[in-house]
Each structure stands twice: as structure tokens, then as C-alpha cells.
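Visitor: If you scroll down you'll find the structure; I have some questions about it.
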Amino acid sequence: MRQNIVAGNWKMNNTLEEGVTLAKEVNEILKANKPNCKVVLGTPFIHLSEAVKAVDCDVIGIAAQNCADKVSGAYTGETSAAMVKSTGAQYVILGHSERRAYYGETNAILKEKTDLALANDLTPIFCIGEVLEEREADKHFDVVKTQIEEALFHLSPEAFGKVVLAYEPVWAIGTGKTASPEQAQEIHAFIRQTLADKYGAEVADNTSILYGGSCKPSNAKELFANPDVDGGLIGGASLKAEDFHGIIAAF
Ligand code: PEP
């Protein structure tokens, strides 16, 4: 069954102490206000094990924001999927546009990362989305299709069924510009049809497709009201417990 999910992406913010405080704040709010969706906190690696301890894991999942494309060994500075799993985290955000743009992550690299995440029983929250020039040139459908095909379509239907997708138009990330509800629905429906063409209607129907890009309490409800928008991946607004809850409460 398709799940509604609101996932925070803290990016490179918060010291360990600040992160634990934020995780506890979100946990307290959700204890008092049971959410109508799955909630995930995407923290820096060093926060993961403490964040797992700070929250009720039945309600709040914990995600890394990346993992290595190698199993283990002499890869200084990298963190493997097995290491992420050993912290108690259940999710990993993969292919975020900042990783693609600043750290050269290609669809081929992301294919390896996805395989390792799944092999370690982590749920990938796999990000796709076009940059502004691609949207303006009307290439956004082709761009997201290629990202999905090259990084994910080698998966069996069973393996693909464990993946969560996050459509994030790069021009909307951290810019205050949000895709309109109509733009979000149009491309989410296209993504779901792409999945149906490859894996059949059942897999497509069961896949959660999140929207990301300047989502906030004031616009979450109209975005999430779309039939093919199953929640959000939230950057800036996930750094304040009240704002994050305002988005969760849209469900
Ligand atoms: C993100 O980085 O995934 C994101 C959606 O950021 P923001 O909400 O700040 O636009």
C-alpha cells in the first residue's frame, strides 16, 4: 500500500546537540498530535544513532542523506550503507540534487548506491528533478524519465517496490519558488505512468512519490491534496519543529 510520508532533510545543519534537541522536539509534538502519515528525519551521519534513540521509531523513521557506492574498504571519508544500517536508521536519501551538482553523483553511481541501500535493508528516498533551463526548454519529463531509467530500472519489481521517489524541481529547492499544485500533479502523474509502463499498475500505485522544493506549512495542504503527491521531502522547513509539524499536519 502506498504510504503518505513527510521526510525532513536537515542537510549540513545542526551540531550533534542541536540535532538531538530538534529530534526530541519533533518527537514530543508527534506524541501529543498523532500524525496521519509516516514521518522521517534525514540527519547528518553523526546524528543518526542518537536520533534513533531520541524518537519513537514506530512513528518517526531516521534517514541518512547519502551512503557510499562501495561496500567497504579504503575509501577515506565515506560511510557505507551497512554502517548507516548499523545505527538503527531505516532510510537513506539518495540522488539529492545537491549531491548530483556538487559531488558529481551520476545516475550510474546512484544505481550502485541504490543496490547497496537495498542490500542493507534501507529504504532509499530517491530524488529526481530537473533544473530551470530544462523546465524552460520543456525537457523536464525526459529528464526525470532518464534519471529513473538509468538509476532504478535494473531493479526487479519486488526491489523497486521498496523505493520511495522524491520529485524535486531543482529550481524550487531552497529558492522560495514552489511548483504549483498543477505542475506537481502533472509530473507526478507522468512519473507514476512511467513506473506503470515498466512494472505494471500495481507497483506504480503502491509507490510513494514525494514532492520537494520550498514546501512549507502554508502550501503543503494544496500540494498534498493532489492524487499523485504522497507527501514531501522538506529542507529548510524541517529545521524548526513547529514548521515541520505544520507540514505534517497537512495530512
Ligand atoms: C530539499 O533540499 O530536499 C528541499 C526540498 O529543500 P527546501 O525545502 O529548503 O526547498
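The values are calculated or read from the model by the stated rules, or taken from the named source; none is laboratory data. Please read all numbers here as calculations on a predicted model, not as lab measurements. Positions of Cβ are generated from backbone atoms using ideal geometry, with glycine treated the same way; all protein chains shown enter the neighbour counts. When the accessible area is computed, the model is the full protein with side chains, heavy atoms only, and any ligands, DNA or RNA have been set aside. Shrake-Rupley method; radii C 1.70, N 1.55, O 1.52, S 1.80 Å.
Visitor: Would you be able to say whether some residue in the stretch 35-49 is open to solvent by 50 Å² or more (accessible area, probe 1.4 Å) and farther than 27 Å from M1 by Cβ?
Guide: First, pick out the residues of the stretch 35-49 that are open to solvent by 50 Å² or more (accessible area, probe 1.4 Å): 36, 45-46.
Then keep just the ones that are farther than 27 Å from M1 by Cβ; that gives 45-46.
Yes, the stretch 35-49 has at least one match.
Visitor: State all residues of the stretch 139-172 that are open to solvent by 30 Å² or more (accessible area, probe 1.4 Å) and under 26 Å from K216 (Cα atoms); if no residue qualifies, say none.
Guide: Correct list: F141, V170, W171.
Visitor: Still on this model: Residues to consider are G176, G231; find the one that is out of contact with any Gly (no Cβ under 8 Å at 6 or more places or on another chain) and modelled with pLDDT under 95. Full working, then the answer.
Guide: Working: G231 fails: modelled with pLDDT under 95.
Testing whether each residue is out of contact with any Gly (no Cβ under 8 Å at 6 or more places or on another chain) and modelled with pLDDT under 95 leaves just G176.
Visitor: Same structure again: Taking the stretch 211-234 as the region of interest, how many residues are open to solvent by less than 20 Å² (accessible area, probe 1.4 Å) and near the ligand (Cβ under 9 Å from one of its atoms)? Give the derivation first.
Guide: Filtering the stretch 211-234 for residues open to solvent by less than 20 Å² (accessible area, probe 1.4 Å) gives 211-213, 215, 219-220, 223-224, 229-234.
Pick out the ones that are also near the ligand (Cβ under 9 Å from one of its atoms) and you get 211-213, 215, 232-234.
Residues flagged as open to solvent by less than 20 Å² (accessible area, probe 1.4 Å) and near the ligand (Cβ under 9 Å from one of its atoms) within the stretch 211-234 amount to 7.
Visitor: From the list D142, D58, D69, pick out the single residue that is among the acidic types (D, E) and touching a residue at least 40 places away in the same chain (Cβ under 8 Å).
Guide: Working: D142 fails: touching a residue at least 40 places away in the same chain (Cβ under 8 Å); D58 fails: touching a residue at least 40 places away in the same chain (Cβ under 8 Å).
Exactly one residue qualifies, and that residue is D69.
Visitor: Quick one: in the stretch 8-51, of everything that is β-branched (V, I, T) and part of a helix (DSSP H, G or I), which residue is farthest from A220 (Cα to Cα)?
Guide: First, pick out the residues of the stretch 8-51 that are β-branched (V, I, T): 15, 20-21, 26, 29, 39-40, 43, 46.
Going one step further and asking which of them are part of a helix (DSSP H, G or I), we end up with 20-21, 26, 29, 46.
Values: V20: 25, T21: 25, V26: 18, I29: 18, I46: 29 Å.
Applying the filter and picking the extreme gives I46.
Visitor: So, one more: May I ask you to list pairs of residues, at least six apart or on different chains, whose Cβ atoms are under 7 Å apart, with the first in the stretch 166-182 being over 19 Å from F224 (Cβ atoms) and the second being within 10 Å of the ligand (Cβ to nearest atom) and not in a loop (DSSP other than H, G, I, E, B)?
Guide: Pairs that qualify, where the first residue is over 19 Å from F224 (Cβ atoms) and the partner is within 10 Å of the ligand (Cβ to nearest atom) and not in a loop (DSSP other than H, G, I, E, B), are V170/S97; G174/G236.
Visitor: Could you go through the stretch 182-189 and let me know if any residue there is within 16 Å of the ligand (Cβ to nearest atom), open to solvent by 30 Å² or more (accessible area, probe 1.4 Å) and either over 19 Å from the mean Cα position of the chain (by Cα) or at pLDDT 95 or above (or both). Give the derivation first.
Guide: Our first condition is that a residue be within 16 Å of the ligand (Cβ to nearest atom); within the stretch 182-189, this holds for 183-184, 187-188.
Those still in the list that are open to solvent by 30 Å² or more (accessible area, probe 1.4 Å) too: 183.
Next, only the ones that are either over 19 Å from the mean Cα position of the chain (by Cα) or at pLDDT 95 or above (or both) stay: 183.
Among the residues of the stretch 182-189, at least one is within 16 Å of the ligand (Cβ to nearest atom), open to solvent by 30 Å² or more (accessible area, probe 1.4 Å) and either over 19 Å from the mean Cα position of the chain (by Cα) or at pLDDT 95 or above (or both), which makes the answer yes.
Visitor: Say we look at the stretch 100-128 and pick out the residues that are touching a helix residue (DSSP H, G or I) at 6+ places or on another chain (Cβ under 8 Å), within 14 Å of the ligand (Cβ to nearest atom) and open to solvent by less than 10 Å² (accessible area, probe 1.4 Å); which of these is nearest to A68 (Cα to Cα)?
Guide: If we take residues in the stretch 100-128 being touching a helix residue (DSSP H, G or I) at 6+ places or on another chain (Cβ under 8 Å), within 14 Å of the ligand (Cβ to nearest atom) and open to solvent by less than 10 Å² (accessible area, probe 1.4 Å), then F126 is nearest to A68 (Cα to Cα).
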